[in-house]
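The values are calculated or read from the model by the stated rules, or taken from the named source; none is laboratory data. Not measured: the values here are computed from a predicted model. FYI the Cβ positions are ideal-geometry reconstructions off the backbone, even for glycines, and counts take in every protein chain you see.
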């Protein structure tokens, strides 16, 4: 059964679920994130919540690498981009452009017909 915990990180409260028996580990992890988040704020000034968590995670990763250099070597590299995303299909591009051109012509566009054009 899941247990709900209120975790305070950088002055904000987050409600997080965890499995029974893992509460203390999650609280300890939250304390680490809170400390690094506050460290990032102190060093960099005002940050958005997302950037605050980004820098907190980078500081934690840096600490992990300092403590265990093999952790950096074991980190998986990001996967290569999917071929479909790196090279658009020319046929799809032509079709999309044709549809866009057609929708701009008020006589051919379904919206134009609805608007009385």
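Restricting segment 1-45 to residues that are surrounded by fewer than 15 Cβ atoms within 10 Å (Cβ to Cβ) and part of a loop (DSSP other than H, G, I, E, B), the residue that is modelled with the lowest pLDDT is 1.
Pull up segment 48-59, narrow it to residues that are crowded, with 17+ Cβ neighbours inside 10 Å and closer than 13 Å to residue 12 by Cβ, then point me to the one that is nearest to the chain's Cα centre (by Cα). Spell out how you get there, then give the answer.
Taking segment 48-59 as the starting set, the residues that turn out to be crowded, with 17+ Cβ neighbours inside 10 Å are 52-53, 55-56, 59.
The next check asks that each one be closer than 13 Å to residue 12 by Cβ; those that pass are 52-53, 56.
Values: 52: 13, 53: 10, 56: 14 Å.
Per the stated criteria, the residue is 53.
Of all residues in segment 60-87, which are at pLDDT below 70, part of a loop (DSSP other than H, G, I, E, B) and over 30 Å from residue 9 (Cα atoms)? Within segment 60-87, 81, 82, 87 qualify. Of all residues in segment 35-59, none that is in contact (Cβ under 8 Å) with a residue 12 or more places away in the chain and at positive phi has its Cβ atom under 9 Å from the Cβ atom of a residue that is assigned to a loop (DSSP other than H, G, I, E, B) and surrounded by fewer than 17 Cβ atoms within 10 Å (Cβ to Cβ), 6 or more apart or on another chain.
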